[in-house]
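Have a look at the structure below, then the notes.
The values are calculated or read from the model by the stated rules, or taken from the named source; none is laboratory data. Fair warning: this is a prediction, and the values are worked out from it, not measured in the lab. Reconstructed Cβ throughout: ideal geometry from the backbone, glycine too, with neighbour counts over all protein chains shown. These area figures cover heavy atoms from the full protein model, side chains too; ligands, DNA and RNA do not enter into them. Shrake-Rupley method; radii C 1.70, N 1.55, O 1.52, S 1.80 Å.
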Amino acid sequence: MGSWPGDFSLDSRMGAACFLLVSGFLSLQLPPSGCQQSSGPVNPFPMPIPGAGLGGQGGELLPHFLLEPDDVFIVKNKPVTLSCKATPATQIYFKCNGEWVHQTDHAIQHSADRSTGLPVMEVRIEISRQQVEKIFGLEEYWCHCVAWSSSGTSKSQKAFIRIAYLRKNFEKEPVSREVSLDQEVTLLCQPPEGIPPAEVEWLKNEDVLDPELDSNLFIGTDHSLILRQARLADTGNYTCVAKNIVARRRSTSAAITVYAVGAPEDVALYVGVVAVAVFLVLLLAVILVCWRRKEGLDADVADSSILTAAFQPVSLKPGKAGQAHLLTIQPDLSTATMTYQGSLCLRQDGANKFQLTNGHLLPPMGPGIPREHSHTLPRLSTQTYFRTLPRGSNNMAYGTFNFLGGRLKIPNTGLSLLIPPDAIPRGKIYEIYLTLHKQEDMRLPLAGCQTLLGPIVSCGPPGVVLTQPVIISMDHCLEPSPENWTVRLKKQSCEGSWEDVLQVDGGSPSHLYYCQLESRSCYLFTEQLGRFALVGESLSMSATKRLKLLLFAPTSCTSLEYSLRVYCITDTQDAMKEVVQLEKQQGGKLLDEPRLLHFKDSYHNLRLSVHDMHSTMWKSKLLASYQEIPFYHIWNGVHDNLHCTFTLERFSLSTCELSCRVWVWQVEGDGQSFNININLNKENRPPEILLDDGGKEAAALVGPSAFKIPFLMRQKIITGLDEPSSHGADWRVLAQKLNLESHLGFLLSKSSPTAMLLNLWEAQNFPNGNLARLAATVAEIGKQDSLMYMMSEAEC
């Protein structure tokens, strides 16, 4: 307690208590001893004494309050203070949620009213966050004070104590728009949930908007910003800002563009558009005539109609004698007994023609040993280790690949490996594997605020020769925020030590590695196969990881006991898959939809509790009011399948209805709850967990079937965009349209930047990507440079 001026002595009250023992006022109502039960007969409160210390009119007045406690909010971990003052008063104490606050927790000051001479008592207590959290989810925490005089008692008003917070996500955010002059514009904003409710202000280009100074602006009761009549000067970026005593949140910015209808510049623009359209029609007519004159199509020639035809399949006609033919169906390279007849000759690699003749495509291969066709790899120091990888594991995929490339995928884990065309040198054939490791088996060293953000993955064998990067796609649980995180890519060396090889976003560029970090996935470009892990280091207590909460229970119950299991796992598909498989083996069923929880680097544990059970039918066998998962068990990310079990007991086997609520929350952080209403005698159909990555597709795809973009179209785009163009219609424009313009340094270091962009598009969009949208994007770039549409006389 802080120091207060005045007399803090309890002598007068202890003397009053002794007087009661003598005078026999034992029948008076006494306050109880506080929240904790006392084992002895000593009452920690002095008893009210009729007439004591009042004098004059003391016996004729009830206490009245000069100061009453007010509602307060607890911010972070700072306790709050409640104060109360009454006159005339011989005693004054606080009562919170129906329980007397212990005497030792009060700070009391005695004084006298200068005008009346009546005694005045002022009391102060402190309320901590932990006290309020003890009743989390049950009811609100409140306190009032009670004052005594010789005439009786008086109660103050109730003061409610609430934990202040402000969620991160806006319920509604403003959306970018293009509007005409004088049009009314409404920008929506519904701030995040918070206590106390957030106040809202609007920014335009980072300047605060004040409707009092601009009559054209109006902010509605729903916090929407209304521009009554759009002006050219209203063009700008608008941001909704929500703030309370805890935090300040910003919505995404909305770009408002105001244009004037019928201005002279628009007329010129329309004329230009019409001229371009006429030119394109004529150009397409010429191309169509050239195409009809052709009797066949060479392997590396694709007419430009593919650019504007949304990548429709090309029909190949039989060519003249002596011409090389494209095979419309590629062989399955994963089968060693496949025979391949005919020959394949690509014009762009005329000096090193690769010919496959009749016979077996691949020699017999031992498990886990990398092989080449016609060449032998040098013996690797780690070969013995990688040979021990289990075949047939549901956390492993493998296949055999050549220069045509392909894809490996571990179903329902979000983990895949893209091997682009020509990444493997021509004339070589490799058996490549992709493996997902248990985090606790790898013993990845983490220090300080570091945390594992996703699975540990291996692809290999290490030491294979690649001519361009492959792409590893994997999930992560990071809430991206440059000011809160430093993210690094770690790679395990042959000796077993882990080394930083790349700092993601903001670090020094690397010609061997590159990471494209998106909201839920990471795409790793690497020219060296091996074992990788994505590790984050938090820079502030605002850094958060995504957790997925899953509630499971037995499918049937024949005993008095019934168990609820709450899993708190990283929000990645591989972690979800492992829990689902584990519960399937144990006969568990999912009771409710998974919940998402943002876990902060605040050093606070995760708490779990059960509430609102029918006390006459059920009881919890948990001795404490809640369970906890330690902060570091969650934060470092190396513990698999973290969960808490709540064992409930019904008083009778005839009880079949269970209704309760399970709360999961982090102290000073996010919280989620599950509402349970089940019948133990019925087979309730559990909610299905739909993983983003379907499990029906093959683990290995080889050749053209592994790619969305047809091979001929890919080559045409690369040829058209790799070379710098005076019109600016090159790969830089494609990078900008794919939101990758901030990574030009990495792309410039590669022989074909366009190929890198198309490879990333394949990794992001296979198998359900919108090929027509990509075609339209490339066609739009092509309009800036008519050379992309022009065909040589030989091609015609």
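Packing order of peptides 100-106, 495-501, 413-419, highest average first: 413-419, 100-106, 495-501 (average count of other Cβ atoms within 10 Å over each peptide's residues).
Here LYS577 is the anchor, and the lysines within straight C-alpha reach of less than 22 Å, apart from those fewer than 8 places off in the same chain, are LYS409, LYS438, LYS545, LYS548, LYS589, LYS696. For a straight C-alpha distance cut-off of 22 angstrom, the lysines reachable from LYS155 (same-chain residues fewer than eight places away being disregarded) are LYS85, LYS95.
Summed over the residues of the range 460-542 and divided among them, the accessible surface reaches 39 Å² per residue at a probe radius of 1.4 Å. Counting protein heavy atoms only, the range 436-581 has 48 percent of its accessible area on carbon and sulfur, 1.4 angstrom probe.
Which peptide among 746-758, 541-553 comes first, and what is the full order, when sorted by highest mean count of other Cβ atoms within 10 Å? Please report the intermediate quantities before stating the final value.
Values: 746-758: 19.5, 541-553: 21.7.
Most protected by this proxy first, the peptides run 541-553, 746-758.
Placing unit charges on the Cβ atoms only, positive for Lys and Arg and negative for Asp and Glu, gives the range 539-682 a dipole magnitude near 200 debye about its Cα centre.
All other residues with a Cβ under 9 Å from the Cβ of ALA230 taken together, and with Lys, Arg as +1 and Asp, Glu as -1, what is their net charge?
Its environment carries a net charge of -1.
What net charge do the residues around ALA543 carry, taking every other residue with its C-beta under 11 Å from that of ALA543, with Lys and Arg at +1 and Asp and Glu at -1? Local net charge: -2.
Taking label positions 7 Å along the Cα-Cβ direction at both SER563 and LEU288, the computed distance is 7.2 nm, reported to one decimal.
In this structure, THR257 and LEU67 have a Cβ-Cβ separation that, at R0 = 60 Å, corresponds to a calculated FRET efficiency of about 0.60.
Packing here is the average count of other Cβ atoms within 10 Å per residue, and on that basis the peptides 528-536, 598-606, highest first, run 528-536, 598-606.
Would the range 92-135 count as rounded, prolate or oblate if I go by the C-alpha gyration tensor, calling it rounded below 1.5 in a/c and otherwise prolate when a/b exceeds b/c, oblate otherwise? Judged from the Cα gyration tensor, the range 92-135 comes out prolate (a/c at least 1.5, a/b above b/c). A simple spin-label model places the labels of ASP182 and CYS494 7.7 nm from each other, with each point 7 Å out along Cα-to-Cβ.
Taking every pair of alpha-carbon atoms in the range 80-230, give the share separated by more than 25 Å as a whole percent. Of the Cα pairs, 55 percent sit more than 25 Å apart.
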